[in-house]
Amino acid sequence: MRGSDTRSGELFSYVDLEKRVPEKHPLRLVRVVVNDVLAALDGDFAKVYADRGRPSIAPERLLRALLLQAFYTIRSERQLMEQLDYNLLYRWFVGLGVDDPVWVPTVFTKNRDRLLEADVARRFLAELMNHKKLRGLLSDEHFSVDGTQIAAWASMKSFKANDGSSDPPGPGRNGERDFHGEKPANATHASTTDPEAKLYRKGHGKEAKLSFMGHTLMENRSGLIVAATLTQATGTAERTAAEEMIVRYSPGAQRITLGADKGYDAAAFVADLRALNVTPHIAQNTSGRRSAIDARTTHHPGYAVSQQKRKRIEEPFGWGKTIGGLARPMLRGAKKLGFKFTLTMVCYNLIRLPKLIEATA
């Protein structure tokens with residue numbers, strides 16, 4: 001007998017979101033870990049919010065929604081609210097009931113910006129690395145460091161001379177502009193859209209564009225990110241950020257190794273690492289000068305292992321730009337973009353967690 005295609009409205013509906021999500025869905029394990037981390041951050045949340053006034057979006061739900069945005073490549077908060085409205089899996093993960101209304105996108109973004117002051121993304125990453133399910137997966141001796149260029153949400157047309165000499169003639173912000181003969185530099189020019197963005201070229205033969213620099217510290221056993229930060233794009237930003245992350249994560253109490261590419265092969269940086277009780281397993285840069293890494297380091301078998309393992313640090317950068325929304329994030333300013341970068345690295349660790357635990361079980 002052929003079934004009917006007619007639909008009648010329901011007066012009552014009893015939907016248990018817990019039963020709608022498959023038992024083996026990878027988000028189940030992720031949600032357990034995320035809830036444990038959020039519980040550990042309860043004290044940090046209490047400092048951000050006032051004791052009186054109108055209730056805002058719960059920070060726990062806000063952060064779960066931001067994690068979903070990176071997991072499923074949702075390009076904007078407006079689209080995130082739209083999908084939260086009808087996607088039962090998203091509602092279950094965030095903690096919304098079937099009949100709970102979703103938030104207004106502008107209210108959501110204002111509440112998100114409140115978490116910037118408490119540096120919640122960095123605290124989230126630190127608590128995640130201290131979680132009982134991750135401790136056995138991490139190496140406490142061998143690490144790698146690297147940086148990547150993050151495009152700013154600003155065009156080259158906004159990069160103008162500080163004295164106003166490069167302003168295009170005629171009315172409107174899109175007037176004609178002749179770039180020929182102009183030599184833009186960070187010392188004399190700045191972006192009117194995002195003043196913190198700097199003109200930067202990642203390598204030889206590549207175009208210079210308005211950018212920031214994202215930096216990560218990775219442990220070599222499982223390839224998980226243990227520290228992340230974002231800075232302005234300069235020639236020394238990678239080495240400066242590497243030292244800061246090492247001091248914050250491993251302040252010299254135990255000797256560790258640090259793998260890095262030849263861009264970190266600078267005598268002052270290598271000397272600073274040795275003073276921090278770090279063995280520099282840095283690729284030798286022998287192009288026209290003497291490398292700061294000599295045979296005392298390169299003859300050890302561990303040096304070759306570090307050089308092989310350090311290449312895995314490109315994987316979170318690739319995932320963050322293709323899936324996590326870091327290719328061209330629609331955010332301005334180092335603080336907002338730094339929050340996004342660190343939280344995206346948290347998401348990279350979380351999506352790898354189910355398979356890593358399964359492999360070690």
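Annotations for the structure displayed:
- Some residue of the stretch 150-162 being touching a helix residue (DSSP H, G or I) at 6+ places or on another chain (Cβ under 7 Å), modelled with pLDDT under 90 and over 30 Å from Gln254 (Cα atoms): no
- Subset tally (residues that are in contact with an Asp or Glu (Cβ under 8 Å, 6 or more places away or on another chain) and more than 30 Å from Val226 (Cα to Cα)) for the stretch 87-135: 2
- Any hit, the stretch 209-230, residues being assigned to a loop (DSSP other than H, G, I, E, B), under 30 Å from Ala154 (Cα atoms) and either in the same structural domain as Ile293 (by TED's automatic domain parsing) or among the β-branched types (Val, Ile, Thr) (or both): no
- From Arg239, Arg289, Arg296, Arg248, residue being assigned by TED's automatic domain parsing to the domain that holds Met345 and in a loop (DSSP other than H, G, I, E, B): Arg289
- Lone qualifier among Arg114, Arg135 - being out of contact with any strand residue (DSSP E or B) (no Cβ under 9 Å at 6 or more places or on another chain), closer than 23 Å to Val37 by Cα, surrounded by 15 or more Cβ atoms within 10 Å (Cβ to Cβ) and at pLDDT below 90: Arg114
- The residue of the stretch 182-193 that is nearest to the chain's Cα centre (by Cα), among those that are surrounded by 15 or more Cβ atoms within 10 Å (Cβ to Cβ) and either closer than 29 Å to Leu350 by Cβ or small (Gly, Ala, Ser) (or both), is Ser191.
- Index of the failed condition, Gly53 passing every other in (1) at pLDDT 95 or above; (2) more than 21 Å from Ile351 (Cα to Cα): (1)
- The stretch 1-29: number of residues that are over 30 Å from Lys133 (Cβ atoms) and modelled with pLDDT of 90 or more: 0
- Residues satisfying the stated conditions in the stretch 302-361, i.e. polar (S, T, N, Q), buried (at least 19 other Cβ atoms within 10 Å of the Cβ) and within 18 Å of Asn220 (Cβ to Cβ): Ser306, Asn349
- Every condition in (1) part of a loop (DSSP other than H, G, I, E, B); (2) in contact with an Asp or Glu (Cβ under 9 Å, 6 or more places away or on another chain) holds for Glu314 except the one numbered (1).
- Residues of the stretch 247-267 classified as more than 17 Å from His300 (Cα to Cα) and touching a helix residue (DSSP H, G or I) at 6+ places or on another chain (Cβ under 8 Å), total: 4
- Selection status of Gly214, among the small types (Gly, Ala, Ser), at pLDDT 95 or above and in contact with a Gly (Cβ under 9 Å, 6 or more places away or on another chain): yes
The values are calculated or read from the model by the stated rules, or taken from the named source; none is laboratory data. Being a predicted model, the structure only gives us computed values, none of them experimental. Glycine also receives a Cβ, built like all others from the backbone with ideal geometry; neighbour counts cover every protein chain displayed.
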